[in-house]
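Following: one structure in structure tokens, then a few remarks.
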Amino acid sequence: MFKLRNTFCLLMALIVIAALCACNSQEVQVDDVDEDTSLIVVGFSQPGAESAWRVALTDSVKEAFTEDAGFKLIYKDGQSKQDNQIRDIRTFIQQGVDYIILSPIVETGWDTVLEEAEEANIPVIICDRNVVVSNEKLYTTFVGSDFSEEGKKAVDYLEKEFPPDSEGNEPEVNIVHIQGTLGSSAQIGRSKALELALEKHENWNVVAEDCGEFTKAKAKEIMKQVLREVRSSDIDVIYCENDDEAAGVIAALDDAGIPHGEGTGMTIISFDATRKALEFCLNGDINFEVECNPLQGPYLVDMVKLLERGESAPKHTYIDEGEFTKDDLTPEFIEKRKY
Ligand code: GZL
């Protein structure tokens with residue numbers, strides 16, 4: 001009898017363990033993509049929703065990759081964490097999507113998961129920011145911005161704003177630098193341009209520098225701290241690496257009653273050229289806007305269609321981007337902008 005009970009208990013234990021294992025495997029189980037769908041299934045991994053620009057990119061991709069256009073889009077928001085994006089890409093692989101579009105929060109750390117996508121024969125399109133990988137074959141094509149060129153536009157503007165005098169003497173230019181997410185292509189390119197300018201102009205000085213994470217809240221906090229440490233009369237330029245940071249800087253200056261922008265001796269530079277920032281520019285609060293174009297959905301659809309036709313994609317496609325001062329702007333122009 002005792003032997004029988006032992007066997008029964010052992011059998012029950014094995015059944016419970018097997019059931020627990022089955023449950024665990026369910027945790028990573030994802031809905032397989034409907035096998036017989038005629039739609040092209042695209043997994044889209046965004047780093048987050050940190051800025052108005054980012055939301056505009058998401059909207060542009062969603063508007064382009066519709067079922068009417070022949071696509072099933074699966075959108076994932078990485079909540080500003082690379083680990084989440086890597087998890088999302090693995091989910092796309094398990095779901096058996098046809099393409100992965102990745103807007104990488106930072107440039108490095110993607111080799112392993114891109115190798116997994118390659119092993120699964122899923123082409124990866126990088127958009128917006130770029131990746132730095134051991135082998136460029138790990139992604140099919142890049143569609144996005146040339147951030148070094150964006151930074152150069154900002155520096156060119158500053159060089160015109162602060163020219164040498166008739167004897168060639170360069171003015172002293174004190175700069176507050178509010179960086180974007182460290183390690184992102186946008187931050188690397190825009191910061192690099194300023195670093196090169198500081199090497200070129202010995203009288204240009206960074207009096208304060210910190211990372212605003214491309215957000216209004218963090219930039220406002222940084223600017224309030226800067227104003228505790230640096231006299232506002234000693235600040236000639238605030239170099240904001242996106243419009244949300246510029247909005248935070250303006251809020252901090254307004255709270256402190258410090259005039260800024262056109263005719264005040266405190267020049268504000270920003271990147272993205274969102275509608276709200278262009279309104280700041282039109283009213284003189286921001287002196288110079290470098291456009292960073294988030295309307296990448298149509299470019300990406302064209303790239304997927306090209307690959308579907310079996311054609312080879314160019315490795316890099318840089319999208320058209322401009323720059324603005326108040327003289328380029330009218331309320332009607334701003335109103336017509338898509339973001
Ligand atoms: C640039 C993009 C940046 C924007 C920010 O392509 O990666 O990220 O400039 C956004 O507004 O947060």
Which entries in the list Lys276/Lys305; Lys72/Lys336; Lys216/Lys276 go over 24 Å, if you measure between the two C-alpha atoms of each?
Lys276/Lys305; Lys72/Lys336
Protection proxy ranking, peptides 239-247, 132-140, 94-102, average beta carbon neighbours within 10 Å, highest first
239-247, 94-102, 132-140
Of Tyr239, Leu73, Leu306, which is farthest along the charge dipole of the chain in the positive direction, counting Lys and Arg as +1 and Asp and Glu as -1 at C-beta?
Leu73
The stretch 264-337: percent of C-alpha pairs farther apart than 15 Å?
61
Does anyone have the angle between helix 216-229 and the longest principal axis of the chain? Alpha-carbon axes, 0 to 90°, nearest 10?
40
If you fit an axis through the alpha-carbon atoms of helix 147-161 and take the longest principal axis of the Cα set of the chain, what angle between them do you get, 0 to 90°, nearest 10?
10
How would the stretch 89-128 be classified by its alpha-carbon gyration tensor: rounded, prolate or oblate, with rounded meaning a/c under 1.5 and the a/b versus b/c comparison settling the rest?
prolate
In whole angstrom, how far apart do the alpha carbon centroids of the stretch 297-339 and the stretch 125-188 sit?
19
Gain on full stretching of the segment that runs from Thr112 to Glu221 - 0.36 nm per residue minus C-alpha separation:
35.6 nm
Set Lys and Arg Cβ to +1 and Asp and Glu Cβ to -1, take the dipole of the chain about its Cα centre, and tell me which of Gly168, Gly322, Cys211 lies farthest positive.
Cys211
Working from Cα positions, state the angle (0 to 90°, nearest 10) between the long axis of helix 185-200 and the longest principal axis of the chain.
30
Once you order the gyration tensor axes a ≥ b ≥ c over the Cα atoms, which shape class does the stretch 89-229 get: rounded for a/c under 1.5, otherwise prolate or oblate by comparing a/b with b/c?
prolate
What ranking, highest mean first, results for peptides 66-75, 152-161, 171-180 when packing means the other Cβ atoms within 10 Å averaged over each residue?
171-180, 152-161, 66-75
Can you give the three extents of the C-alpha atoms in the chain along their principal axes, from longest to shortest, in whole Å?
103, 54, 38
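Since every read-out is calculated from the coordinates, none of them should be taken as a lab result. Keep in mind the model is a prediction, meaning the values are calculated, not measured. No Cβ is skipped: glycine too gets one built from the backbone with ideal geometry, and neighbour counts run over all protein chains shown.
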